[in-house]
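Input: a single structure, listed below in structure tokens.
The values are calculated or read from the model by the stated rules, or taken from the named source; none is laboratory data. Small disclaimer: the values here were computed from a predicted structure and weren't measured. Neighbour counts are summed over all protein chains in view; Cβ atoms, including those assigned to glycine, are modelled from backbone coordinates with ideal geometry.
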């Protein structure tokens with residue numbers, strides 16, 4: 001700053017632009033964003049993964065609480081954790097559940113973007129679940145975004161991701177997803193909400209679902225809406241080969 005006499009009004013640059021769109025309004029940080037984070041942990045979690053979690057940005061003065069479900073099968077872990085949330089006198093009043101899987105590395109601003117997209121701040125459409133874009137491990141990896149809601153019959157065929165968009169889908173992985181807690185209070189949405197399914201039903205054939213698509217099949221049949229926010233690019237860590245896919 002050059003020397004001189006300054007007769008400032010001291011109101012600040014941002015205070016001169018109160019009629020213009022501001023990030024706090026766009027992303028809804030003034031609203032209730034209370035979030036319980038559920039993390040299934042069968043094995044030890046790699047330090048590189050935890051480091052990415054510690055870098056996550058949380059809106060100021062918003063409630064956030066992590067729950068680790070240790071040593072449980074993943075479908076049972078999610079269902080039991082949500083049961084605990086709904087039975088808790090404080091947590092049951094909160095607004096969102098965030099799921100993070102133990103090998104997923106979200107970007108620092110990932111949660112902020114999911115808050116924005118779930119409430120329609122990107123495409124004007126509200127969703128019941130939004131998730132980040134990530135891929136299965138390996139050279140032939142596929143994007144974890146399943147089924148185009150505009151295509152019938154309803155299916156879980158992998159979609160080609162659109163660049164930096166909120167892309168409607170019939171199903172997602174669970175690596176870094178934001179859910180409305182209100183879904184799980186719906187009496188029509190019966191437990192278990194998540195289940196790893198490998199079973200045969202006479203006359204209908206074999207059913208094989210991972211816990212994520214089991215959830216989306218049930219929730220989608222009740223009319224809930226889902227989308228992948230491809231602005232949120234999450235890495236999938238292969239600890240054996242030290243590669244982030």
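Points to keep in mind about this one:
- Some residue of region 163-178 being farther than 30 Å from residue 87 by Cβ and surrounded by fewer than 16 Cβ atoms within 10 Å (Cβ to Cβ): yes
- The test for being at pLDDT 95 or above, in a loop (DSSP other than H, G, I, E, B) and either closer than 20 Å to residue 56 by Cβ or out of contact with any helix residue (DSSP H, G or I) (no Cβ under 9 Å at 6 or more places or on another chain) (or both) does not hold for residue 168.
- Looking only at residues of region 204-238 that are under 13 Å from the mean Cα position of the chain (by Cα), surrounded by 21 or more Cβ atoms within 10 Å (Cβ to Cβ) and under 13 Å from residue 175 (Cβ atoms), we find that the one that is modelled with the lowest pLDDT is 212.
Condition check ((1) under 23 Å from residue 88 (Cβ atoms); (2) at pLDDT 95 or above; (3) touching a helix residue (DSSP H, G or I) at 6+ places or on another chain (Cβ under 6 Å)) across all residues:
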residue: 33; (1), (2), (3): yes, yes, yes
residue: 38; (1), (2), (3): yes, yes, yes
residue: 52; (1), (2), (3): no, yes, no
residue: 74; (1), (2), (3): yes, no, yes
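- The residues listed here are 184, 194; of these, the one that is under 30 Å from residue 87 (Cβ atoms) and buried (at least 19 other Cβ atoms within 10 Å of the Cβ) is 194.
- Selected residue (only one of 117, 132, 52 is closer than 19 Å to residue 226 by Cα, in contact with a strand residue (DSSP E or B) (Cβ under 9 Å, 6 or more places away or on another chain) and in a helix (DSSP H, G or I)): 117
- Residue match in region 126-135 (condition: surrounded by fewer than 19 Cβ atoms within 10 Å (Cβ to Cβ), over 14 Å from the mean Cα position of the chain (by Cα) and within 30 Å of residue 242 (Cβ to Cβ)): no
- Restricting attention to region 104-131, the residues that are farther than 22 Å from residue 60 by Cβ and either without any contact (Cβ under 8 Å) to a residue 12 or more places away in the chain or touching a helix residue (DSSP H, G or I) at 6+ places or on another chain (Cβ under 6 Å) (or both) add up to 5.
- Counting only residues that are assigned to a helix (DSSP H, G or I) and touching a residue at least 12 places away in the same chain (Cβ under 8 Å), region 63-81 holds 7 of them.
- Just one of the listed residues (89, 21) is at pLDDT 95 or above, assigned to a loop (DSSP other than H, G, I, E, B) and over 18 Å from the mean Cα position of the chain (by Cα), namely 89.
- Single condition residue 153 does not satisfy, out of (1) more than 22 Å from residue 34 (Cα to Cα); (2) assigned to a loop (DSSP other than H, G, I, E, B); (3) in contact (Cβ under 8 Å) with a residue 12 or more places away in the chain: (3)
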